[in-house]
Amino acid sequence: MNVLTSITVLGFLIFFHEMGHFLAAILQGIYVDGFSIGFGPSIIKKKYKDITYSFRAFPLGGFVSFPDEELNNIDPKDPNLLKNRPIIQRVIVISAGVFANLILAYSILIINVTTTGIPYDPEPGILVLATQPEKAAYIAGLEPGDKILKIEESSLGIGDQAVSTLVKEIQNSSENPISITIERNGDFKDLTLIPKNVKGKGTIGAQLQPNVRKETKKTKNIFVLFKYVNNEFSSLLVKTIQGYKGLITNFSSTAQQLSGPVKIVEIGAQLSQQGGTGILLFAALISINLAVLNSLPLPLLDGGQLIFTLIEGFRGKPVPVKLQMVVTQSSFFLLVGLSVLLIIRDTSQLLIVQKLLNQ
């Protein structure tokens, strides 16, 4: 059921993205002849008012299609064809999907905060959420629920800054001992971490987060609510952008953190176990990721189409069709190849698959 919930959320986010393109075109009087969720052969198809709506076999994306004047017997100079509209109107149509996902993510965060409340301010230290067996944190004796208060006799502070300080120290101390002070059930203990060297950086195999209380507080102050949502939205957006930036500047290490469709569904299933709050958080995270992903300057994505359109605006004429085809086909094989690799990798890491392989 959790997997089904995760897939349903993904489908809804894709639908909302494509609806952004669709409404931006329809409301400007631009011809549209198709609205599809998924790729491949149609499973469900219905034509209504000259627009074909379809649900396809592979629901990993979607598209809004615009009529070909030759096939639809439309005057090539018809002002309601997308290609004949001013550049600014075409930019609105192309960008609408990205903005739709950003607006949706922001709205989801508002709903989540309104229903669950605002977390209390972080307390000193870092909370250990989980440790990996036989990794440095586990060997040192760290346990889930521990609060790391000091490193080398220096206080870590509070919030994200505390986590960042500890992570940097760990990364710079590969194979070198680090003294930490923790609090466990009201008792204080000193432990020694020896980060393992992984591709030149120290790691301890632990999931860490700022030391925040599980309880939340309700607020009737709308300014406090929007301030919190603005900070959360900005933080998620910036971290997502930095993640994609890392693919370009440091691909070898960042590529290991990439998640394909299988992994995304698995993460969604895990979050959905936490109930409505987990589902809303998953939806907001993926909606922001879809917005940033589609902004990338690849021809098959909105960012690539935007680049072609802006170039046309500067040149006064479209980019040659042959050049567009070459770039688009190259982009297609790159994205499909990467998707296949991610699906294979993520599937092989699923617990049930690993059990079958080890039999």
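Since every read-out is calculated from the coordinates, none of them should be taken as a lab result. This structure is a prediction, so every number in the text was calculated from the model and none was measured. FYI the Cβ positions are ideal-geometry reconstructions off the backbone, even for glycines, and counts take in every protein chain you see.
Return the subset of K77/K322; K201/K227; K49/K317; K218/K245 for which the Cα-Cα distance in this structure is over 29 Å, preserving the input order. Beyond 29 Å: K201/K227; K49/K317; K218/K245.
Among residues other than G29 with Cβ under 12 Å from its Cβ, the summed charge is 0 (Lys and Arg +1, Asp and Glu -1).
Sparsely packed loop sites in the range 58-111 (the trypsin sites (Lys or Arg not before Pro) outside DSSP H, G, I, E and B with at most 16 other Cβ atoms within 10 Å) comprise K77.
What shape does the range 110-241 take by its C-alpha gyration tensor, where a ≥ b ≥ c are the square roots of the eigenvalues and a/c under 1.5 counts as rounded, a/b above b/c as prolate, and the rest as oblate?
Since a/c reaches 1.5 and a/b is larger than b/c, the shape of the range 110-241 is classed as prolate.
Straightening the chain between Y53 and Q207 buys 51.0 nm, computed as 0.36 nm per residue apart minus the Cα-Cα spacing. Across the range 219-231, rounded Karplus estimates of 3J(HN,Hα) from the backbone phi angles (6.51 cos²θ - 1.76 cosθ + 1.60, θ = phi - 60°) give 9, 9, 7, 5, 5, 5, 4, 5, 5, 5, 4, 4, 5 Hz, Gly and Pro being marked x. Note on the range 87-176: Kirkwood hydrodynamic radius from all Cα pairs is 17.0 Å, rounded to one decimal. The trypsin sites (Lys or Arg not before Pro) of the range 128-235 that meet both conditions, a loop assignment by DSSP and at most 15 other Cβ atoms within 10 Å of the site Cβ, are K199, R213, K214, K218, K220. Straight-line reach from K47: taking Cα to Cα under 19 Å and skipping same-chain neighbours fewer than 8 places apart, the aspartates and glutamates in range are E18, D33, D68, E69.
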